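These notes are about the structure you will find just below.
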Amino acid sequence: SQGVHLNSISVQNEPDYAEDWTAWTPDRAASFIATYGKTVTDGTTTKLMSPESFQYSPEAWGNGKAYYRAIMKNPQALANCDMFGTHFYGTTRDQMDFPDLENSGKEIWMTEVYVPNSNANSANNYPEALAVSENIHNGLVVGNMNAYVWWYIRRSYSLLDEQGKITKRGYCMGQYSKYVRPGDFRIDATESPADGLLISAFKHSDTQIEVVAINKSTSDQQQQFSVDGRVITDVDRYRTSASENLAPTLNMEHETSTYWAN
């Protein structure tokens, strides 16, 4: 009523990391969604999101994935649940893939995390900040997430520091968020063409793609990128490193369907 569009509202924040009234069992959450889910968002365009588990894990913190399995096993709960949400605290790469949920036909959003720590005044530590890029990569590529949302945006360990300046962690996220925009689709790419490299690619339109490359090694790497079945007309690179923040190199050299970057 105040003109703010709510994309979604979740049933409960971190029911697996809670006490007293905030704690839900997976079966109770599924039963609530089946019985009352449509009532929560009745008459609005707001979507109903599943409970957001503290950790996207099959065993820790009360088995976070049990909440999603309970919903999928309850046909009415699954019908009433418009999308799934989770948090990534303590979630390792090998825990992020969840084929049953990814094939449910619903969007999956990672709605809260900070990595790699919340140490005071750590946001500009580099290469530590690369953990942000790697976590985003793993969420999108391994977990097939549709969205990745950070917690808190302004903190001494966050994307903005206490004065509101973009930090190294913020620029590492910016390698994705500034260019991979809502409506883009992730497309096939060789994920690790060389030791220490992580690659993901996204289609923005019929004439534009974005490639995000993370170099986790301790030395510079040069990598060839090829685009199947397309003629390259222009390549722009934006790089974040110890001394650079989304630094542009425009109109890079390229061949018909391939280019090199480091």
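Overview of values
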quantity	calculated
Cα centre as origin, Lys/Arg/Asp/Glu Cβ charges: the chain dipole, Debye	460 debye
Dipole in debye (nearest 20) - region 56-169, about Cα centre, beta carbon charges: Lys, Arg +1; Asp, Glu -1	200 debye
Equivalent ellipsoid semi-axes - Cα gyration tensor, region 148-201, angstrom	26, 15, 8
Under-5 Å amide H pairs with residue 209, H placed in peptide plane, nonlocal only	204
Taking N as its residue count, the alpha carbon Rg of region 1-150 over 2.2 N^0.38 Å	1.08
Whole-number accessible area per residue in Å² for the chain, which is evaluated in the context of all protein chains at 1.4 Å	55 Å²
Karplus 3J(HN,Hα) series, Hz, for region 4-14 with 6.51 cos²θ - 1.76 cosθ + 1.60 (x for Gly, Pro)	9, 7, 9, 5, 7, 9, 8, 5, 7, 7, 6
From the coordinates shown, volume of the Cα convex hull per residue in Å³ corresponds to which of (i) 142; (ii) 251; (iii) 164	(iii)
Student exercise, region 1-128 dipole from Lys, Arg, Asp, Glu Cβ charges, in Debye to nearest 20	360 debye
Inter-part distance where region 232-262 and region 118-172 are each reduced to a Cα centre, Å	23 Å
Alpha-carbon spread of region 74-145, three principal axes, descending order, Å	47, 20, 15
Alpha-carbon centroid distance for the pair region 58-108 / region 204-222, whole angstrom	29 Å
Taking all pairs of distinct alpha-carbon atoms in region 153-262, Kirkwood radius in angstrom	15.2 Å
Unit charges at the beta carbon, dipole of the chain: most positive-side option, 23, 142, 101	23
Kirkwood hydrodynamic radius (C-alpha pairs) into Stokes-Einstein, region 1-48, 37 °C and 0.692 mPa s, D in µm²/s	272 µm²/s
Max mean-square fluctuation residue, GNM over the chain, Cα-Cα springs under 10 Å, options 87, 137, 204	204
Convex hull volume per residue for region 10-81, taking Cα atoms only, in Å³	76 Å³
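The values are calculated or read from the model by the stated rules, or taken from the named source; none is laboratory data. Owing to the predicted nature of the structure, the values given are computational and were not obtained by experimental measurement. A quick note on method: Cβ atoms are made from the backbone with ideal geometry, for glycine too, and the neighbour counts reach across all protein chains shown. Surface areas here come from the heavy atoms of the whole protein model, side chains and all, with no ligands, DNA or RNA. Shrake-Rupley method; radii C 1.70, N 1.55, O 1.52, S 1.80 Å.
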